[in-house]
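Input: a single structure, listed below in structure tokens.
The values are calculated or read from the model by the stated rules, or taken from the named source; none is laboratory data. All figures in this text were calculated on a predicted structure; none of them were measured in a lab. Cβ atoms come from the backbone with ideal geometry, glycine included; neighbour counts cover every protein chain shown.
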Amino acid sequence: RSSVRVRAPPGGKSCGGFWKMGDSQFVLIQGGTVVNANESIRADVLVEDGIIRKVGENLSAPEGARVINAEGKMVMPGGIDTHTHCQMPFMGTQAVDDFYIGTKAALAGGTTMIIDFIIPQKGEKLADAYKKWKTWAEEKVCCDYSFHMAITHWDESVRKDMRLMSTEEYGINSFKMFMAYKDVFMLQDHEMLEVFKTCREIGAIGQVHAENGDVIEENQKRLLAMGITGPEGHPLSRPEEVEAEAVLRACVISNQVKCPLYVVHVMSKSAAEIIMTKRKEGAVIFGEPIAASLACNGTHYWHKCWRHAAAYVLSPPLREDEGTPDYLMDLLAQGHLQCTGTDNCTFNSSQKARGINDFTKIPNGVNGLEDRMSVIWEKGVWSGKMSPERFVDVTSTTAARIFNIYPQKGVIAPGSDADILVWDPDRTRTISAETHHHAVDFNIFEGMTVHGVAEVVLTNGKVVVENGEVNVTQGGKSSIFF
Ligand code: URP
Ligand code: ZN
Ligand code: ZN
Ligand code: ZN
């Protein structure tokens, strides 16, 4: 399903409701290496009113153009974070990175578009949830965004509503099912089957949070009864095979009705191996590791500081096997996994403390929006596993293709949106909650020194990051894709 956006005619600029010609805003990015998913070339990039107009050698600067020197730097499409939960109401509280702070942090790190999730309450009309989320986002975002939609209950009216959501007016082309969070969001297999069938009918992709919610509930009860109440109970209640079983089940159910499947937050080796195997068999399946699963392991759950351990509580959990992040990065580099998101869903110490006596009450979620690009550059490209072109592919281009926003996004080419990074591949920075742009008081990548820094960031042709400063206004960017 295509999603379209109204924009200014070439050379025109919005002015009091009509278009005034001859007043264009130009930016010329000079002397860099343009990196796309398919190739890298030495070229200048000319931007006019938010759109890339020309890519080529020795472009001359139109009068009044802002010229950016990219000598020795890479010029790339802005990152697309496929998985965020800004200001999500969850587990009795609400994520602290709202649509303003979340998108500001995104821009600081080189991500210029987020795809967030509309999550209707059980029984809530999809259109009502859509309106609610859209209002939240519109008031606050400072970069482009769009939505996936979760399906959290099933009856025939939901099928009708999914059809409505897939029309141009709403533009939803991906629907997520939770196989966990029993009694809150979880669907049964027969309900998932109906959702996949409907996705297939309307041309959407089905997504799953893959964990066996029944088994988790049983494990949680058993662990609490044994007196295990700390954060270590979280991974103990959700072992790797509980993720792998659900991934396999989702692959089988979706494949039976020939619906493409997108597995969000791939957290373990065995889950990734199932995706790889099913893809080899010919099933249309995509896997999304997240910044957390590519860079952190589950040893943190055993940290003697409660707050530290609780900070890493997300679902599915990080794995105790310390080789998991490198293994997932290998598969991503080799093409067995396709996209990267973050699952950014952040909670402060006081919120995490809701679970101080019971790990099942610790709000699930971690940061990632700001640091995803640098973390993947460090662990993927700097380590020698992936090329800069593959980096662009897994941080931007493939997401744009799967969710039908290519070539508006995901590529540096004439006609595409000017969401552009001037990337310094050699510069380093050390990640810290002291300096990050998130609202949350903890950073799961604390102390990690990463190569690869977004020196200059443009969102729709406007320079919003330079000299280490982020210059945005709340709600300053509200273009969307419907
Ligand atoms: O722990 C997580 N992942 N929190 C956000 C909700 C979800 O499951 O994606
Ligand atoms: Zn999830
Ligand atoms: Zn600590
Ligand atoms: Zn999520």
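A compact table of results
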{"read-out": "Residue among Asn357, Asn348, Asn364 that alone is surrounded by fewer than 24 Cβ atoms within 10 Å (Cβ to Cβ), within 16 Å of ligand 4 (Cβ to nearest atom) and more than 16 Å from the chain's Cα centre (by Cα)", "value": "Asn364"}
{"read-out": "Hits in segment 373-416 (condition: free of Cβ contacts under 8 Å to residues at least 24 places away in the same chain and over 15 Å from the mean Cα position of the chain (by Cα))", "value": "Gly384, Ser387, Tyr406, Pro407"}
{"read-out": "Considering residues of segment 202-221 that are surrounded by fewer than 21 Cβ atoms within 10 Å (Cβ to Cβ) and either touching a Pro at 6+ places or on another chain (Cβ under 7 Å) or without any contact (Cβ under 8 Å) to a residue 12 or more places away in the chain (or both) only, the residue nearest to Asp155 (Cα to Cα)", "value": "Glu218"}
{"read-out": "Residue selected from segment 275-291 under the condition crowded, with 21+ Cβ neighbours inside 10 Å and touching a residue at least 40 places away in the same chain (Cβ under 8 Å), by the criterion farthest from ligand 4 (Cβ to nearest atom)", "value": "Ile275"}
{"read-out": "Number of the condition not met by Pro407 [criteria: (1) out of contact with any Pro (no Cβ under 9 Å at 6 or more places or on another chain); (2) crowded, with 23+ Cβ neighbours inside 10 Å; (3) assigned to a loop (DSSP other than H, G, I, E, B)]", "value": "(2)"}
{"read-out": "Residue match in segment 102-125 (condition: surrounded by fewer than 20 Cβ atoms within 10 Å (Cβ to Cβ) and in contact with a Leu (Cβ under 9 Å, 6 or more places away or on another chain))", "value": "no"}
{"read-out": "Residue check for Ala309: within 16 Å of ligand 2 (Cβ to nearest atom) and farther than 22 Å from Met192 by Cα", "value": "no"}
{"read-out": "Output for segment 107-128, where each listed residue is within 16 Å of ligand 4 (Cβ to nearest atom) and either among the hydrophobic types (A, V, I, L, M, F, W, C) or farther than 28 Å from Val453 by Cα (or both)", "value": "Ile114, Ile115, Phe117, Ile118, Ile119, Pro120"}
{"read-out": "Flag for Lys134 being under 30 Å from Glu455 (Cα atoms) and surrounded by 15 or more Cβ atoms within 10 Å (Cβ to Cβ)", "value": "no"}
{"read-out": "Any chance Ser24 is at pLDDT below 95 and touching a strand residue (DSSP E or B) at 6+ places or on another chain (Cβ under 8 Å)", "value": "yes"}
{"read-out": "Some residue of segment 188-204 being at pLDDT 95 or above, within 16 Å of ligand 2 (Cβ to nearest atom) and of a type outside the set (S, T, N, Q)", "value": "yes"}
{"read-out": "Lone unmet requirement of (1) buried (at least 24 other Cβ atoms within 10 Å of the Cβ); (2) more than 16 Å from ligand 2 (Cβ to nearest atom); (3) under 17 Å from Gly380 (Cα atoms) for Glu322", "value": "(1)"}
{"read-out": "Evaluation of Leu294 against (1) outside any helix (DSSP H, G or I); (2) within 16 Å of ligand 4 (Cβ to nearest atom) (one fails), failing number", "value": "(1)"}
{"read-out": "Subset tally (residues that are among the β-branched types (Val, Ile, Thr) and out of contact with any Gly (no Cβ under 9 Å at 6 or more places or on another chain)) for segment 275-299", "value": "4"}
{"read-out": "Of residues in segment 224-247 being free of Cβ contacts under 8 Å to residues at least 40 places away in the same chain and not small (Gly, Ala, Ser), the one surrounded by the fewest Cβ atoms within 10 Å (Cβ to Cβ)", "value": "Met226"}
{"read-out": "Enumeration of residues in segment 248-258 that are surrounded by 24 or more Cβ atoms within 10 Å (Cβ to Cβ) and more than 16 Å from ligand 4 (Cβ to nearest atom)", "value": "Ser254"}
{"read-out": "Single match in Pro363, Pro289, Pro317 (criterion: outside any helix (DSSP H, G or I), more than 22 Å from Ala244 (Cβ to Cβ) and within 16 Å of ligand 1 (Cβ to nearest atom))", "value": "Pro363"}
{"read-out": "Unmet requirement for Ile115, which otherwise passes all of (1) assigned to a strand (DSSP E or B); (2) in contact with a Ser or Thr (Cβ under 7 Å, 6 or more places away or on another chain); (3) over 23 Å from Ala291 (Cβ atoms)", "value": "(3)"}
{"read-out": "Condition broken by Val184, with the remaining ones in (1) within 22 Å of Glu273 (Cβ to Cβ); (2) surrounded by fewer than 23 Cβ atoms within 10 Å (Cβ to Cβ) satisfied", "value": "(1)"}
{"read-out": "Set Val263, Val257: member being within 16 Å of ligand 2 (Cβ to nearest atom), within 19 Å of Arg279 (Cα to Cα), in contact with a Phe, Trp or Tyr (Cβ under 9 Å, 6 or more places away or on another chain) and modelled with pLDDT of 95 or more", "value": "Val263"}
{"read-out": "Breaking point among (1) in contact with a strand residue (DSSP E or B) (Cβ under 6 Å, 6 or more places away or on another chain); (2) without any contact (Cβ under 8 Å) to a residue 12 or more places away in the chain, for Val464", "value": "(2)"}
{"read-out": "Count of residues meeting criterion [under 21 Å from the mean Cα position of the chain (by Cα) and in a strand (DSSP E or B)] in segment 456-472", "value": "7"}
{"read-out": "Residue match in segment 278-287 (condition: within 16 Å of ligand 2 (Cβ to nearest atom) and under 19 Å from Asp393 (Cα atoms))", "value": "yes"}
{"read-out": "Residues satisfying the stated conditions in segment 417-430, i.e. part of a strand (DSSP E or B) and in contact (Cβ under 8 Å) with a residue 60 or more places away in the chain", "value": "Asp417, Ile420, Leu421, Val422, Trp423, Asp424, Pro425"}
